[in-house]
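Everything on this sheet refers to the single structure shown next.
The values are calculated or read from the model by the stated rules, or taken from the named source; none is laboratory data. Please read all numbers here as calculations on a predicted model, not as lab measurements. Backbone-built Cβ (ideal geometry, glycine too); neighbour counts: all protein chains shown. Note: areas computed on protein heavy atoms with side chains; ligands, DNA, RNA excluded. Shrake-Rupley method; radii C 1.70, N 1.55, O 1.52, S 1.80 Å.
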Amino acid sequence: MNGSNPSPPSEKPAAGAKSAVRTVTVPEDRGGQRLDNFLLGQLKGAPRSLVYKLVRSGQVRVNGGRAKAERKLEGGDEVRIPPVSLVEVGDKVAPPSGFLKRMEAAIVFEDERLLVINKPTGVASHGGSGISHGAIETMRALRPNQTLELVHRLDRDTSGLLVMAKKRSALSELQALLREDSEDGTRSIEKRYLTLLVGRMPDGVMSVDAALHIGLRQGGERHVQVHRDGKESLSHFRVLERRGGHSYCEVRIETGRTHQIRVHAQHIGHPVAGDDKYGDPAVNKRLREQVGLKRLFLHAASLQFALDGGRTPYVLNAPLSEDLAEALDRLG
């Protein structure tokens, strides 16, 4: 230890300066958190790539020794955090005030444990890969003295409910509920989406049980496809309305795979409207010109779960955004 008191996470040196070396004692309620996630909370706004670089180079120490990014910390551990230039961490990339106001207005629920937003389309869940202002970084900027961690993620183009935890205990319990390993086979978290599928889905209800595999295209772009060697994936589609020859559906997912709904919809021959990765370019163009649909029609509409071992129920809802509702109305 350096013998000095650790600086509060919200304190920042002057622009262009470097933060001082700090030794931070891991609070008891952060026990079990990965080292990389703990550092992201301490170095507000730092890109994940910088955190990994600091860990790999040995500049970060746990109890005096080197550690891997995935190491699970324990309450009372001493973490050495090296000096970091604000040029690296990014006062220079503070979210614009207009964007901050937009994200503040997106909050749909908040209590002492959780903060939930109706994430707009086009906003990434977290920064990285050239994205400075993900949802989590922006909410941390709005709540500088509050610890916030992402519970799960949404695709950048998908709108809807995104949950952040204020307390480590809530994060741990929710992430445990999200795993597909309940003993009786039932889901502990119920996730429902609203989507517009291209064409008339033949049956009112359809379940898609098709394993999904993530591959990489040239340039590192992720591309998901149905493949027998992939991970088990299950989606339940239910038609709510027929609109303009297309199918407005509710989708309940029992697994949370990358691009799951989009790939399952493509697999059954009815891709999600406005999907420029897995969809039908000709139909997307027609919907853009005729009804003004300029984005992926996929919205995380509701979440139901219970914390405290099932004693405290949560029912969260996010209304369909105006642009999607208007496109749906124009379909007739």
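What does the highest-first list of 25-37, 55-67 look like by mean Cβ count within 10 Å?
Peptide ranking by packing, descending: 25-37, 55-67.
In the Gaussian network model of the chain, springs joining C-alpha atoms below 10 Å, which of I268, I117, I136 carries the largest mean-square fluctuation?
I268
If you roll a 1.4 angstrom probe over the protein chains with everything in place, what fraction of the accessible area of the stretch 222-332 belongs to carbon and sulfur, to the nearest %?
Here it works out to 44 percent.
Work out the charge dipole of the stretch 212-332 with +1 on the Cβ of Lys and Arg and -1 on the Cβ of Asp and Glu about the Cα centre, then indicate which of V251, A325, Y278 is farthest towards its positive end.
Farthest towards the positive end: Y278.
Given only helices, namely DSSP H runs of n ≥ 4 each adding -39500 (n - 2.57), what is the per-residue ellipticity at 222 nm of the chain, to the nearest 500 deg cm²/dmol?
Mean residue ellipticity, 222 nm, calculated: -6500 deg cm²/dmol.
Using a Förster radius of 35 Å, what is the FRET efficiency between Q290 and R179 based on their Cβ-Cβ separation? Nearest 0.05, please.
About 0.25, to the nearest 0.05.
Mind checking the dipole of the stretch 237-285: about its Cα centre, +1 per Lys or Arg Cβ, -1 per Asp or Glu Cβ, Debye to the nearest 20?
20
Quick check: from the Cα gyration tensor, does the stretch 214-327 come out rounded (a/c under 1.5), prolate or oblate?
Oblate, because a/c is 1.5 or more while a/b does not exceed b/c.
From the Cα trace of the chain, what convex hull volume per residue do you get, rounded to a whole Å³?
159
For a 24 Å ceiling on Cα separation, which of these pairs sit above it: K101/K166; K72/K166; K72/K167?
Distance filter (> 24 Å) returns an empty set.
Each label point is 7 Å from the Cα along the Cα-to-Cβ direction; what then is the distance between the points at Q59 and Q225, in nm?
Label at Q59, label at Q225, 4.1 nm between them.
In terms of modelled amide H atoms, which long-range or inter-chain residues lie less than 5 Å from the amide H of D157?
So D157 has HN proximity to G122.
Report the charge-dipole magnitude of the chain in Debye, nearest 20, computed about the Cα centre from +1 at each Lys and Arg Cβ and -1 at each Asp and Glu Cβ.
Dipole about the Cα centre, nearest 20: 1020 debye.
Using the charge dipole of the chain (Lys, Arg: +1 at Cβ; Asp, Glu: -1 at Cβ; taken about the Cα centre), state which of H264, V21, T121 has its Cα farthest towards the positive end.
Going by the charge dipole, the pick is V21.
Using a Förster distance of 25 angstrom, determine the FRET efficiency expected from the C-beta separation of R102 and A325, and round it to 0.05.
0.85
Which FRET efficiency value, to the nearest 0.05, do you get for L240 and V315 by plugging their Cβ-Cβ distance into 1/(1 + (r/R0)^6) with R0 = 30 Å?
0.95
If the only charges are +1 at each Lys and Arg Cβ and -1 at each Asp and Glu Cβ, what is the size of the charge dipole of the stretch 211-299 around the Cα centre, to the nearest 20 debye?
The dipole magnitude comes to about 180 debye.
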